[in-house]
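Read-outs: derived from the displayed coordinates by stated rules, not from any lab. Source: prediction; values computed, not measured. In this analysis, Cβ positions are derived from the backbone assuming ideal geometry, glycine residues included, and neighbour counts consider all displayed protein chains.
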Amino acid sequence: MLYEQRIRVEMEAWQHKMQRRPSMFDKMSKSVQSRINRVIPQKVHDAITVTIKQMVRGVLFGATYTVPGQQDFASLYDMEEAVLRRVDFYRKTAAAEGGITGAGGILLGLADFPILLSMKLKLLFDIATFYGFDVKDYKERLYLLYIFQLAFSSQEHRRNVYEKITDWKEKSSQLPDDIHGFDWQSFQIEYRDHIDLAKLGQLLPVVGAAVGVVVNYRLITKLGDTAMNAYRMRIL
C-alpha cells in the first residue's frame, strides 16, 4: 500500500503537469515552429507524413510479434521494477546508438531518426505488456500513439491528447475503426518540432557524438516516465 500511495502522488503530479497551460516560452517556441511550418510547402509535409506513417505502422504491426510474454508479478512494485529495468536497457542502447551515429557525421546522424523512433515504439510495446495490456488489440496500439504524443509534443497539444486518454475505456469506443483515420500529420509535425532543436546538434562535427548520447538518453527517459504514468492512470 505504501508503494501504491507513493506512485499515486507521482501520477497526480504528472497529471497536473500534463494539464497545465502553456507558458510564455512554450507559446513563443510553438509560434516560431508554426511559422517555419507555413513556409514549408504542403507537398513536403505530405511526404514526411507518409514516411512517418509507414514507419510507425511497420513498427506497430511488426512489434506485436516480438513483445515479451505476459507475466504474472507478485506485486505492483515488482511489475514497475521490471518496467524500469526495460526502460534502462533501451535508454543505454539508445545512448550508445546516438553516440555512434553522432560521430558519423550528417548521413549517420540522419539515420538515427528512424532507428530511435523504432526503439521508442518498441519500448512502448514492452511497457504495455508488462502492465498487462494486450498490444495485439488495435485500440491498445492507438493508446501507445497517444502516449508517444504526450511525451513528444507542444504543451498545448499535450493537453488535448491528455484529455483523449482520460476515461480511456469509454473514449476508446469513439476512436476510428481503422488506423488510417488517425491524424498522422499532426502526429509527425508535433514530433518533429519537439525534437528538431535537440537533435540538430547531433549532426555537428566533433560534438555530435556527445549530443547524440545525452539527447537519446533523455528522450527515452522521458518516454518511459510518460508511459508509466499513463498506465498508472488505468490500473490505480
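For the reader, a short list of remarks on this structure follows.
- If you take the Cα centroid of region 115-178 and the Cα centroid of region 1-19, the two points sit 19 Å apart.
- Label-point separation, ASP183 to ARG57 (7 Å along Cα→Cβ), nm: 2.0 nm
- Applying 1/(1 + (r/R0)^6) with R0 = 41 Å to the Cβ-Cβ distance of ARG8 and VAL50 gives a FRET efficiency near 0.50.
- The simple spin-label model puts a point 7 Å past each Cα toward its Cβ; for MET24 and ASP88 those points are separated by 4.2 nm.
- Compared with the direct C-alpha span, the chain from ASP167 to GLN70 gains 32.5 nm at full extension, assuming 0.36 nm per residue.
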